[in-house]
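Some notes on the structure that comes next.
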Amino acid sequence: MRICVLQSSYEGSGSDLAGVDDIASDLGAYTSQHTFENRLIHLKTAKEEIDALVAEGFDFYINLLWGTLDDPVAGIQASQYFESLGVPSAGVRSWERSRNKNVFYENARKRGAPRVPGTKQFPLFVKPANGCASLMIDENSVCHNEEELTHALRRINKRLNPYRLQRAKALGLPNPQLRAHAESHHPATLYRDDIVIQEYIEGRDYGVTVVEMGASALALNPYVMRTKPVSQKENVLTFDLKFDRETRVELIKRDDNPTLFDQLQQAALEAFETGMFRGSHMGCDVDFRVRPDGKVFVIEVNPQPADFLPHDSNFQDLPISEGLPGGHMAVINIFIANHFLRDGSSTGSSKVAETYDRIAHEYDDGGDTHSQDRANFEHIVKSFDFTGSVMDIACGTGFFGRILAANRPQKDYSLVGFDISVEMADVCRKTHIYDEVHIDGMQTCLINYHNQDEIDHIVCFGAAHFLSTESFTSFMVICFVLAKKSITIAIDEIPDVYNEHLRQIGVGHMHSVNHLATMEEFKEPRGWRLVNRRRQYSWTSPTTGDDVFSTFFRFERTEEKDVKVLKIEKVK
């Protein structure tokens with residue numbers, strides 16, 4: 001795909017972040033599957049610039065415009081206009097940036113989760129409600145009594161004055177400078193919605209990246225912030241400390257503290273839902289403070305789960321590169337797949353299902369025609385363990401299940417099938433070999449499955465080629481996240497001539513994709529080992545007569561799962 005990346009320009013902005021945070025995100029440095037073109041959007045000319053880039057007709061857009069109404073860079077209002085154009089996109093949304101920290105805290109307290117700091121007891125912490133990058137935060141932000149609180153509020157009100165002026169201009173308020181100046185000194189500023197006053201949490205800074213995944217979300221490996229030793233009396237991550245070259249993130253290991261690991265992931269998923277980040281097609285990044293007694297508090301949530309900064313940056317996306325199967329390649333494809341999944345673009349899948357409905361009852365004729373399935377499946381079930389629960393994705397008429405049953409008469413497994421064809425699934429049920437058979441697509445079946453915590457083995461044969469590159473990537477990520485023991489999948493090496501023949505005979509909706517290169521990019525995700533890779537002849541198309549070879553991959557888990565899944569709602 002040719003993808004346009006919208007980024008906020010600091011040119012002429014006078015922003016406090018110019019010079020320390022003006023390194024552009026570079027998605028093209030992380031994957032060669034797509035072509036990326038960056039477009040810098042300026043606050044004053046955003047509409048014209050957005051019109052121009054939309055007129056270029058990109059296949060997809062990723063919006064990284066981060067500014068709030070307080071910031072002198074493109075953000076909320078530019079995003080509102082961009083969203084009104086209805087082009088396919090993922091990214092920061094105007095409604096995300098319109099909700100400040102106080103709104104998030106209020107929602108969390110109403111829901112009862114996640115845990116956020118209280119507001120009653122000293123020491124209290126004072127910071128901007130719309131701020132980022134620890135701006136206006138220093139050791140004096142921690143207040144131990146009323147006198148220190150009054151001093152901190154005077155300081156932050158003075159520093160917020162230009163930001164309030166910027167907001168007034170953005171909203172088109174009359175005589176904004178006088179209005180902002182008057183309000184900044186009003187006694188009621190203690191309760192202004194652009195200032196956070198909350199209990200100070202003594203402890204260590206952690207974070208969790210959350211990636212939206214269709215109707216669900218994935219909480220990746222938590223990380224801890226490491227900084228150089230400082231002499232300040234309070235443990236505060238200031239602006240200067242956050243951007244110090246020695247500051248870095250470090251992934252934590254589940255085995256070191258399983259309770260903390262799980263609590264951070266669960267709180268991150270609660271924060272994702274509380275912050276209402278669904279629909280961005282990206283996710284969020286959640287910041288925590290963990291007290292010495294182990295209590296976890298969400299401090300804030302940022303609407304961008306990956307920065308895509310240069311590899312030598314001290315803010316590398318380690319949770320993505322090391323914690324998400326497929327890394328940055330996968331997360332970009334997930335963003336794209338999320339849009340099309342939510343957009344309801346399933347016409348092709350429906351036509352494929354209808355095609356298989358028509359041929360279901362004579363489809364495999366015992367499995368001995370047009371394919372090497374019998375020999376391939378017998379090799380697989382004799383070579384590898386399938387004890388436990390087995391999920392057969394795109395099970396068709398259940399031919400794999402028949403081979404499995406014939407070679408494992410001890411029935412030391414349970415078998416669940418998923419397929420998009422009602423008629424194929426009906427044939428599968430009548431074998432009485434499968435414990436359950438469901439009608440669902442490859443992109444959603446595992447997430448929608450009612451017992452997803454008990455998926456030991458996933459198998460998938462002769463179907464992945466119907467998915468787009470982006471959907472296939474998302475499917476494999478979910479497999480690596482949910483499977484507890486193994487994944488066995490056939491990647492059909494579809495020749496170009498096959499698709500050309502399909503088009504010529506009027507069945508172009510059966511178009512297929514060779515995902516071998518994408519599969520190879522997954523390498524061995526952390527916690528997994530590739531135990532077998534075997535290429536051989538697989539099937540001959542009865543429609544076109546083309547031969548197809550397949551590469552069979554068998555992955556086995558070596559470590560406990562370190563990605564947590566939140567099921568939010570079933571995709572409609």
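Annotations for the structure displayed:
- Any hit, the range 62-78, residues being assigned to a loop (DSSP other than H, G, I, E, B), under 30 Å from residue 521 (Cα atoms) and in contact (Cβ under 8 Å) with a residue 40 or more places away in the chain: yes
- Residues in the range 400-425 that are crowded, with 23+ Cβ neighbours inside 10 Å and either out of contact with any strand residue (DSSP E or B) (no Cβ under 9 Å at 6 or more places or on another chain) or not assigned by TED's automatic domain parsing to the domain that holds residue 364 (or both): 424 only.
- Checking 131, 57 one by one, the residue that is assigned to a loop (DSSP other than H, G, I, E, B), more than 23 Å from residue 286 (Cβ to Cβ) and either over 25 Å from the mean Cα position of the chain (by Cα) or of a type outside the set (Ser, Thr, Tyr) (or both) is 57 and no other.
Condition check ((1) within 15 Å of the chain's Cα centre (by Cα); (2) part of a loop (DSSP other than H, G, I, E, B)) across all residues:
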residue	(1), (2)
276	yes, yes
280	yes, yes
289	no, no
294	no, yes
297	no, no
301	yes, no
310	no, yes
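- Residues satisfying the stated conditions in the range 375-420, i.e. of a type in the set (S, T, N, Q), out of contact with any Asp or Glu (no Cβ under 7 Å at 6 or more places or on another chain) and modelled with pLDDT of 95 or more: 383
- Hey, residue 36 more than 20 Å from residue 171 (Cβ to Cβ) and outside the structural domain of residue 163 (by TED's automatic domain parsing) or not: yes
- Among the strands (runs of 3 or more DSSP E) confined to the range 484-572, the ones with at least 2 residues that are more than 22 Å from residue 373 (Cβ to Cβ) are located at 528-540, 547-557, 564-567.
- Filter result for the condition that a residue is outside any helix (DSSP H, G or I) and assigned by TED's automatic domain parsing to the domain that holds residue 424, over 477, 459, 481: 459
- For residue 412, the conditions (1) within 29 Å of the chain's Cα centre (by Cα); (2) touching a residue at least 24 places away in the same chain (Cβ under 8 Å) are fulfilled apart from (1).
- Considering 238, 259, 227, the condition of being surrounded by fewer than 16 Cβ atoms within 10 Å (Cβ to Cβ), in contact (Cβ under 8 Å) with a residue 24 or more places away in the chain and of a type in the set (Ser, Thr, Tyr) is satisfied by 259 alone.
The values are calculated or read from the model by the stated rules, or taken from the named source; none is laboratory data. Everything numeric here is computed off the predicted structure, so don't read it as measured data. In this analysis, Cβ positions are derived from the backbone assuming ideal geometry, glycine residues included, and neighbour counts consider all displayed protein chains.
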